[in-house]
Amino acid sequence: MHVKIHDLIVIGGGPAGLAAALSAWECGVKDIVIVERDKELGGILNQCIHNGFGLHYFKEELTGPEYASRFIDMLRDSSVQVKLDTMVIELTDDKELHVVSSTNGYEILKAKAVILAMGCRERPRGPIGTPGTRPSGIFTAGQAQRYVNMEGYHVGRKAVILGSGDIGLIMARRLTLEGSEVLACVEIMPYSGGLARNIVQCLHDYDIPLYLSHTITQIHGYPRVEGVTISEVDDNRNPIPGTEQYIECDTVLLSVGLIPENELSKGANIAIDSRTGGPIVNQSLETSVEGIFACGNVVHVHDLVDYVTYESSEAGKSAAQRILKIASSNSADITHSITDENADVIQLINGNGISYTVPQLIDLKVKLHNIEVFFRTNRIFGKSTIHVKAGNSELKRFKRVRLTPGEMEKIVIDEDTLRQCISKGFDEIEVSVTEDPASEENVHFPVEKTVTLGEVL
Amino acid sequence: MTELICTVCPRGCHLKVYPEENYRVEGHQCARGEKYGQEEVKNPCRIITSTVCIEGAEHPRCPVKTNAPVPKQMIFNVVKTLNNVCLRSPVKAGDIVVENACGTGVDFITTRSM
Ligand SMILES: Cc1cc2nc3c(=O)[nH]c(=O)nc-3n(C[C@H](O)[C@H](O)[C@H](O)COP(=O)(O)OP(=O)(O)OC[C@H]3O[C@@H](n4cnc5c(N)ncnc54)[C@H](O)[C@@H]3O)c2cc1C
Ligand code: SF4
């Protein structure tokens with residue numbers, strides 16, 4: 001069978017895939033195909049009808065569908081092809097895609113470069129092992145969101161939400177406005193995993209109680225949920241006997257985390273980072289398989305779509321550079337893998353307080369530029385300092401007023417600093433956080449000023 | 001004094017607002033936070049988003065939002081105005097669905113072309 005080789009195939013038509021395809025197109029790549037399994041573009045944004053998108057990128061507050069349509073409209077004016085209702089079922093490391101659709105059946109597509117933008121999926125009930133019956137009325141929060149906002153079903157009258165991730169918080173407000181009673185939001189950690197603005201606007205505004213350091217220890221009822229028992233947990237997240245409370249409800253929403261969707265990536269032998277659940281990427285968003293790039297929630301879970309857009313534009317640009325380079329040199333001499341043992345890379349090491357960084361490594365074969373490093377901390381920090389170190393010396397430090405695991409942070413390691421590292425032969429850079437002593441509060445910081453998002457807006 | 005979390009940007013600064021001192025704000029890191037703190041104490045307002053019934057479109061619900069913030073205590077009354085609305089496809093994003101909801105001067109508009 002003759003297979004046409006496209007320049008670029010993007011898997012997934014959510015905000016990540018849309019931004020990546022557009023930026024590659026703007027860089028001069030014309031033969032681009034987006035493959036999307038849903039019957040429309042936009043990904044998760046179609047069900048996120050609340051506002052709060054785009055403050056950063058468009059400097060205005062949009063709803064999910066509005067944010068998506070800006071990109072979908074731009075795409076219309078391009079030559080990017082879109083295959084809807086088409087699911088990629090397999091990807092190989094030589095960039096062959098096996099896809100199925102009801103219109104074309106089974107097809108094989110091939111490309112010079114592939115961008116993974118499959119997003120993530122929700123963690124279901126199984127992995128968290130909540131005891132009790134198996135009744136109807138238990139939904140993941142995003143599933144309930146789709147039912148209510150797109151398909152027009154009401155999910156229940158009295159709900160308890162397990163987990164305080166953003167989707168759970170958004171749904172607490174949504175169900176309340178739809179006339180349901182939301183009795184509690186129960187969070188096992190001593191802090192919420194959601195954005196502060198969502199705690200205020202979704203829980204406080206409607207007097208919905210948030211139980212921190214609590215979890216559901218029993219689900220009651222069959223065939224429909226009739227109630228839940230919640231208990232306080234200790235520092236090791238074990239329920240404390242004697243703290244049980246019964247809450248009568250007919251619906252339980254689970255907002256217990258998102259998992260990057262990487263079955264396809266694994267099938268293509270792409271190295272996965274166990275901390276993020278997504279592919280290991282370099283500063284160009286290239287994975288361990290050369291020519292396959294990744295961006296958006298498939299790499300790591302983002303809380304702001306604006307960052308997804310920035311990251312994905314970068315991935316699109318990198319893929320375009322590769323494609324245009326192949327076209328001009330007509331050889332494949334740009335093959336190398338960042339995870340090879342003797343690859344020329346600087347590893348980014350997670351020091352104190354850091355749970356992961358993206359990118360995970362800096363590829364020295366790629367043209368160096370200022371590198372944005374995204375990371376999350378593993379606990380809440382007050383006024384603190386982020387240190388960037390190599391060997392025994394500190395290269396850079398950044399001040400932050402507050403860091404929480406629920407909010408992704410970003411620092412920029414500039415080109416000069418990177419060149420310094422290279423000239424000294426360092427192959428590791430460590431990022432770490434320390435909390436400032438309380439007494440330092442009033443001390444004048446001689447380091448670079450932290451620009452707050454509010455000022456940028 | 002009222003304690004608040006600023007929700008203008010994701011940083012979520014912890015603010016203290018002193019109404020008795022002409023709404024002086026503490027804890028903000030930028031001017032937008034100061035304005036938010038004052039308004040949140042004087043007259044808290046929110047953009048409201050919801051959905052309405054639509055016929056003849058790909059999905060049975062069409063997303064809508066208020067085109068300006070609505071006073072917080074009016075939220076439930078304002079969303080009630082959507083209960084009996086049923087649109088017919090095609091609609092364009094920005095079309096008015098309910099005009100001057102509950103006399104607030106604020107309209108509900110669609111947020112998606114369907
Ligand atoms: C409920 C919720 C609320 C949020 N609220 C906010 C907010 O208020 N403000 C904000 O800025 N951000 C918010 N976010 C975050 C932001 O929306 C996401 O980070 C962003 O949508 C991720 O984009 P993505 O393109 O990576 O993934 P997605 O939007 O999930 O897109 C992935 C796409 O890939 C497709 N796909 C997957 N696998 C395949 C396959 N095998 N073949 C073909 N297609 C495939 C999927 O169908 C989907 O369309 C929210 C997210 C959620 C879930
Ligand atoms: S005060 Fe400024 S920086 Fe702080 S949360 Fe508000 S807008 Fe953001």
Residues of region B:59-85 classified as of a type in the set (Lys, Arg) and in a strand (DSSP E or B), total: 2
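Criterion first (buried (at least 22 other Cβ atoms within 10 Å of the Cβ) and either over 9 Å from the mean Cα position of the chain (by Cα) or not in a loop (DSSP other than H, G, I, E, B) (or both)) does A:SER274 satisfy it? Before the answer, list the steps.
Details: buried (at least 22 other Cβ atoms within 10 Å of the Cβ): no; either over 9 Å from the mean Cα position of the chain (by Cα) or not in a loop (DSSP other than H, G, I, E, B) (or both): yes.
So A:SER274 does not fit the description; no.
For region A:1-103, please list each of the strands (runs of 3 or more DSSP E) lying entirely inside it that holds at least 1 residues being aromatic (Phe, Trp, Tyr) and modelled with pLDDT under 95.
Numbers: elements: A:5-11, A:32-35, A:51-53, A:81-83, A:86-91, A:96-101.
Ranges flagged: A:51-53.
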Residues satisfying the stated conditions in region A:228-238, i.e. in contact with a His (Cβ under 9 Å, 6 or more places away or on another chain) and either closer than 14 Å to A:LEU212 by Cα or not aliphatic (A, V, I, L, M) (or both): A:THR229, A:ILE230, A:SER231, A:GLU232, A:VAL233
Can you go through B:GLU26, B:GLU40, B:GLU34, B:GLU58 and tell me which one is away from ligand 2 (no atom under 16 Å from the Cβ) and of a type in the set (Asp, Glu)? B:GLU58
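Among the residues of region A:232-266, write down those that are within 21 Å of the chain's Cα centre (by Cα), surrounded by 15 or more Cβ atoms within 10 Å (Cβ to Cβ) and not in a loop (DSSP other than H, G, I, E, B). Quick ask: steps written out before the conclusion?
First, the residues of region A:232-266 that are within 21 Å of the chain's Cα centre (by Cα): A:253-266.
Filter once more, keeping what is surrounded by 15 or more Cβ atoms within 10 Å (Cβ to Cβ): A:253-262, A:264-265.
Once the filter is applied, which keeps residues that are within 21 Å of the chain's Cα centre (by Cα), surrounded by 15 or more Cβ atoms within 10 Å (Cβ to Cβ) and not in a loop (DSSP other than H, G, I, E, B), region A:232-266 yields A:LEU253, A:LEU254, A:LEU258, A:ILE259, A:PRO260, A:LEU264, A:SER265.
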Scan region A:111-125 and give yes if some residue there is basic (Lys, Arg) and modelled with pLDDT of 95 or more, otherwise no. yes
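Okay, residues lined up against (1) at negative phi; (2) within 9 Å of ligand 1 (Cβ to nearest atom); (3) more than 14 Å from every other protein chain (Cβ to nearest Cβ); (4) surrounded by 23 or more Cβ atoms within 10 Å (Cβ to Cβ):
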| position | (1), (2), (3), (4) |
| --- | --- |
| A:LEU8 | yes, no, yes, yes |
| A:GLY13 | yes, yes, yes, yes |
| A:ASP38 | yes, yes, no, no |
| A:MET74 | yes, no, yes, no |
| A:THR92 | yes, no, yes, no |
| A:GLU107 | yes, no, yes, no |
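Here's the yes/no breakdown for (1) over 24 Å from A:ASP436 (Cβ atoms); (2) assigned to a loop (DSSP other than H, G, I, E, B):
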residue: A:ILE362; (1), (2): yes, no
residue: A:LYS365; (1), (2): yes, yes
residue: A:LEU368; (1), (2): yes, yes
residue: A:ARG376; (1), (2): no, no
In region B:46-60, is there at least one residue being more than 22 Å from A:PRO65 (Cα to Cα) and not hydrophobic (A, V, I, L, M, F, W, C)? no
Here are B:VAL52, B:VAL64: which of them is under 26 Å from A:ASP306 (Cβ atoms) and either hydroxyl-bearing (Ser, Thr, Tyr) or away from ligand 2 (no atom under 16 Å from the Cβ) (or both)? B:VAL64
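A:GLU96: more than 22 Å from A:PRO15 (Cα to Cα) and more than 14 Å from chain B (Cβ to nearest Cβ), yes or no? Show your work before the answer.
Numbers: more than 22 Å from A:PRO15 (Cα to Cα): yes; more than 14 Å from chain B (Cβ to nearest Cβ): yes.
The answer is yes for A:GLU96.
Would you please name the residue that is surrounded by the most Cβ atoms within 10 Å (Cβ to Cβ), looking only at residues in region A:40-71 that are closer than 28 Å to B:VAL8 by Cβ, of a type in the set (A, V, I, L, M) and more than 9 Å from chain B (Cβ to nearest Cβ)?
Initial filter on region A:40-71 (closer than 28 Å to B:VAL8 by Cβ): A:42-71.
Adding the requirement that they be of a type in the set (A, V, I, L, M) leaves A:44-45, A:49, A:55, A:62, A:68.
Then keep just the ones that are more than 9 Å from chain B (Cβ to nearest Cβ); that gives A:44-45.
Values: A:ILE44: 21, A:LEU45: 24.
Looking at the filtered set, the residue picked out is A:LEU45.
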Of the residues in region A:161-194, those that are more than 25 Å from the chain's Cα centre (by Cα) and not in a loop (DSSP other than H, G, I, E, B) come to A:THR176, A:LEU177, A:GLU181, A:VAL182, A:LEU183, A:ALA184
Within region A:189-208, track down each residue that is more than 8 Å from every other protein chain (Cβ to nearest Cβ) and within 13 Å of ligand 1 (Cβ to nearest atom). A:GLY193, A:GLY194, A:ASN198, A:CYS202
Quick check on region B:31-41: of everything there that is closer than 24 Å to B:ASN67 by Cβ and away from chain A (no Cβ under 13 Å), which residue is surrounded by the most Cβ atoms within 10 Å (Cβ to Cβ)? B:GLN38
Mind checking which pairs have a first residue in region A:32-51 that is within 16 Å of B:THR111 (Cα to Cα) and a second that is among the charged types (D, E, K, R), Cβ under 6 Å, 6 or more apart or different chains? A:GLN47/A:ARG146; A:ASN51/A:GLU61
Contacts under 8 angstrom Cβ, first residue in region B:9-28 being farther than 17 Å from A:ARG402 by Cβ, partner modelled with pLDDT under 90 and within 11 Å of ligand 2 (Cβ to nearest atom), 6 or more apart: B:VAL17/B:LEU4
Of those in region B:42-85 that are of a type in the set (Ser, Thr, Tyr) and facing chain A (nearest Cβ under 7 Å), the residue surrounded by the fewest Cβ atoms within 10 Å (Cβ to Cβ) is B:SER50
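Just to check your reading of the model, which residue among A:TYR211, A:TYR222 is within 29 Å of the chain's Cα centre (by Cα) and among the hydroxyl-bearing types (Ser, Thr, Tyr)? Steps first, please.
Numbers: A:TYR222 fails: within 29 Å of the chain's Cα centre (by Cα).
Unique residue meeting the criteria: A:TYR211.
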Go through (1) within 7 Å of another protein chain (Cβ to nearest Cβ); (2) more than 16 Å from ligand 1 (Cβ to nearest atom); (3) part of a loop (DSSP other than H, G, I, E, B) and name the single condition B:HIS28 misses. (1)
Hey, does region B:3-21 have a residue that's more than 8 Å from chain A (Cβ to nearest Cβ), more than 16 Å from ligand 1 (Cβ to nearest atom), in a loop (DSSP other than H, G, I, E, B) and out of contact with any Leu (no Cβ under 6 Å at 6 or more places or on another chain)? no
Can you name the number of the only condition in (1) farther than 27 Å from A:ARG376 by Cα; (2) buried (at least 24 other Cβ atoms within 10 Å of the Cβ); (3) of a type in the set (S, T, N, Q) that A:SER136 fails? (2)
Test result for A:ASP31, of a type in the set (Asp, Glu), surrounded by fewer than 20 Cβ atoms within 10 Å (Cβ to Cβ) and either within 16 Å of ligand 2 (Cβ to nearest atom) or within 12 Å of chain B (Cβ to nearest Cβ) (or both): no
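The values are calculated or read from the model by the stated rules, or taken from the named source; none is laboratory data. Since we're looking at a predicted model, the values are computed, not measured. Please note: Cβ atoms are built from the backbone with ideal geometry, for glycine as well, and neighbour counts cover all protein chains shown.
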